[in-house]
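Trainee: My structure is below; once you've seen it, I'll send some questions.
The values are calculated or read from the model by the stated rules, or taken from the named source; none is laboratory data. Fair warning: this is a prediction, and the values are worked out from it, not measured in the lab. Don't worry about glycine lacking a Cβ; one is built from the backbone with ideal geometry, like all the others, and counts go over all protein chains shown. Accessible surface is based on the protein model in full, side chains and every heavy atom, while ligands, DNA and RNA are left aside. Shrake-Rupley method; radii C 1.70, N 1.55, O 1.52, S 1.80 Å.
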Amino acid sequence: MRRLIWTLVIGLCLAAPLSAASVDGLSIHSSTTGTGQATVIFIHGWTCDSSSWTSQVPAFAKKYRVVTVDLPGHGKSASPKDGKLSMGLFARAVEAVRAETKADRVVLVGHSMGAPVIREYARLYPQHVAGLVAVDGPLDLRGFPPPNFQQPPPMVGAEGVKAREKMIRGMFTPQTPSPLQEHILKMMLGTSEATANGAMAAVFDSSLSKTDVIKAPALSVYAGTATMPDAKVMKEVLPNSEVTQVAGTGHFVMMEKPEEFNRVLTSFLDAIKY
């Protein structure tokens, strides 16, 4: 009987999480793979989730501790009751996960909307940033959005669904495999309209246009369809930044050409000093 009791106690201890990250009372879902001393945190884009990094997790977990995060309102993370989302909230959610992992300094990789998320994180928590990698998203937010920018339509209701689908399909190229397109459409259209609307508003928040200088090493990896920024201009606020492009890709660079993207990221990570 005693052995049975101890077996049940041990089993319950192993099954129950020792801690769970949260921000503003919202539970934040994350997954950790690998046991390396250095930690890399992957952040998805607008209306996406941590499955965006399926081709990166096993590749980098061989050498690093790899953490994927579902931002508030996305994936398996909780949503604010009022539906309000912001880059500040997203950055604090990432910090909650970072603190839970007990990693001191980390490299953050952010796709699309994840780029301004990791930039805001670096602005708020520079002591924990070993490096930044933006994947087809902006790290230099000066003048963003431009004064003549037309705000996207609301992401709610029947018309909102149509607008979302049109926007998502515009992220593909004729070379984007059909199964990948369907996977991305299902993921992004499966996210609630409240999150779609709230996160879109967060992306185009004019208060993000800041001139803070971020000294951490930074890499911007652009899709083949993207217009490359002026590297010299970027260095005004990101003095240790570099840019590159993966030809023949649409917006989801890391999913469309994972091996090439992984080589680019590996080269950057190999040069980081934790």
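Trainee: Out of all the residues in the range 95-149, which are polar (S, T, N, Q), in contact with a strand residue (DSSP E or B) (Cβ under 9 Å, 6 or more places away or on another chain) and more than 17 Å from THR227 (Cβ to Cβ)?
Mentor: Across the range 95-149, the qualifying residue is only THR101.
Trainee: Cβ contacts < 8 Å: first residue without any contact (Cβ under 8 Å) to a residue 12 or more places away in the chain and more than 15 Å from VAL133 (Cβ to Cβ), restricted to the range 245-257; second residue part of a strand (DSSP E or B) and of a type outside the set (D, E, K, R), any location; separation 6+ or different chain. Result?
Mentor: LYS257/VAL246
Trainee: Criterion first (of a type in the set (A, V, I, L, M, F, W, C), touching a residue at least 40 places away in the same chain (Cβ under 8 Å) and not in a strand (DSSP E or B)) does ALA91 satisfy it?
Mentor: no
Trainee: Right, another one. Can you tell me which residue is most open to solvent (accessible area, probe 1.4 Å) among those in the range 116-129 that are free of Cβ contacts under 8 Å to residues at least 60 places away in the same chain and not aromatic (Phe, Trp, Tyr)?
Mentor: Only one residue tops the list, namely GLN127.
Trainee: Which residue, of ARG92, ARG2, ARG65, is among the basic types (Lys, Arg), at pLDDT 95 or above and more than 26 Å from MET255 (Cβ to Cβ)?
Mentor: None of the other options fit; the residue is ARG92.
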